[in-house]
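Below you'll find the structure, written out as structure tokens, and then a few comments.
The values are calculated or read from the model by the stated rules, or taken from the named source; none is laboratory data. Only a predicted model underlies this, so the values are computations on that prediction, with no experimental measurement involved. Here the Cβ is made from the backbone with ideal geometry for all residues, glycine too, and neighbour counts use every protein chain on show. These area figures cover heavy atoms from the full protein model, side chains too; ligands, DNA and RNA do not enter into them. Shrake-Rupley method; radii C 1.70, N 1.55, O 1.52, S 1.80 Å.
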Amino acid sequence: MKRYRIKPGSKVDLSKWDPNEKALFEGDKEEGKKALLALNDRLETLQELLYAEHKHKVLVVLQAMDTGGKDGTIRHVFEGVNPQGVRVVSFKVPTQEELAHDYLWRVHKQTPGRGEIVIFNRSHYEDVLVVRVHELVPEEIWGKRYDQINAFERTLAEEGTTILKFFLHIDLEEQKERLQARLDEPNKRWKFSLGDLKERKLWPKYMQAYEDVLSKTSTKWAPWTIVPANRKWYRNLVVATTLIDTLEGLNMSYPQPEEGLDDVVIE
Ligand code: ADP
């Protein structure tokens, strides 16, 4: 999975990252879906261990262009995981109250506690993406945020949070197909918004903004993974495997049981 991880300090050119590639899995879609089921089981066990040990905190950040597959990734990767230990937080257009504070205020409040996995569906990165593309604040302000975000994430990491950030990478053609599918299928129409078409026109600006995010904020303590995401099944495999590898690296163990349990007889 190192293949998709951005080395700190490296310059990312997204045109060199193929959203169709599937180099790490030899099988086809059906086999890929089967492989995910085994990963779901493994993730379920690791999450239970994380919860039981009550030591580590895990933050998963998901970013993508519209239709990039954030919701689908959450649904498929975390299928079977006990909802008690996992929380999904979706960051929308900030409220008046949120706007009255600094941009990290609403984010910090939602970070994971011990034993918890929190998934950010969008995140503080919107404050250097949509905010930059639409010039919601001047460059003088958003330009400083990369360093601020690195410092913020460093604080979280030093205080015991494991941070994983995923950019689900699709291309313009794939987005067209997905938007078209939303128009064509009655049960998907609710997901279609005319605003998405306006955003689509800004694709090159978003790519530029994402390249800066990926180049400036992939750190040792909070690395970015670029996920080839045109194929949904492959995307799910990459995210699930990266997460599992990371959780396994935490060397977790169940808490020591009380002494003398071997002799207990329950009447
Ligand atoms: P999603 O597309 O994530 O499924 P929505 O369709 O409700 O959910 O979109 C959420 C919107 O909120 C996106 O257009 C996103 O750009 C916007 N948003 C999120 N964070 C911010 C922010 N800090 N400033 C401005 N807009 C934001």
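Just to verify a number: FRET efficiency for GLU211 and LYS33, C-beta to C-beta distance, R0 = 22 Å, to 0.05?
Details: r = 32 Å, r/R0 = 1.43.
Rounded to the nearest 0.05, the efficiency is 0.10.
Taking all protein chains in place and a 1.4 Å probe, what share, in percent, of the accessible surface of region 1-140 do carbon and sulfur account for? Mind dumping the intermediate values first?
On the way: 3930 of 7820 Å².
Roughly 50 percent of what the probe reaches on region 1-140 is carbon or sulfur.
Could you check what % of the DSSP bridge pairs in the chain are antiparallel, to the nearest 5?
Numbers: 1 of 24 bridges.
The antiparallel proportion sits near 5 percent.
Is the shape of region 61-126 rounded, prolate or oblate, going by the alpha carbon gyration tensor and its root eigenvalues a ≥ b ≥ c, with a/c under 1.5 for rounded and a/b larger than b/c for prolate? Walk me through the numbers on the way to the answer.
Working: a/c = 2.79, a/b = 1.36, b/c = 2.05.
Here region 61-126 falls in the oblate category.
Let me know the shape class of region 2-249, please: from the alpha-carbon gyration tensor, a ≥ b ≥ c as square roots of the eigenvalues, rounded when a/c is under 1.5, otherwise prolate if a/b is greater than b/c, or oblate. Numbers along the way, then the final one.
Working: a/c = 1.42, a/b = 1.05, b/c = 1.35.
Rounded.
What whole-number value in Å² describes the accessible area per residue of the chain for a 1.4 Å probe? Intermediate results must be reported in sequence, preceding the final value.
Working: 14860 Å² over 267 residues.
Ligands and nucleic acids excluded, the result is 56 Å² per residue.
For LEU172 and GLN256, what does the FRET efficiency come to when R0 = 41 Å and r is the distance between their Cβ atoms, rounded to the nearest 0.05?
Values: r = 54 Å, r/R0 = 1.32.
Calculated transfer efficiency: 0.15.
Can you list the lysines whose alpha carbon sits under 30 Å from that of LYS198, skipping same-chain ones fewer than 8 residues off?
Straight-distance partners of LYS198: LYS11, LYS16, LYS70, LYS92, LYS144, LYS165, LYS176, LYS188, LYS216, LYS232.
Sorting GLU79, GLU267, GLU174 by accessible area (1.4 Å probe), largest first, what list results?
On the way: GLU79 100, GLU267 205, GLU174 35 Å².
The most accessible residue leads, giving GLU267, GLU79, GLU174.
What distance in nm lies between label points placed 7 Å from Cα along the C-beta direction at ASP184 and ASP102?
Inter-label distance under the simple model: 4.8 nm.
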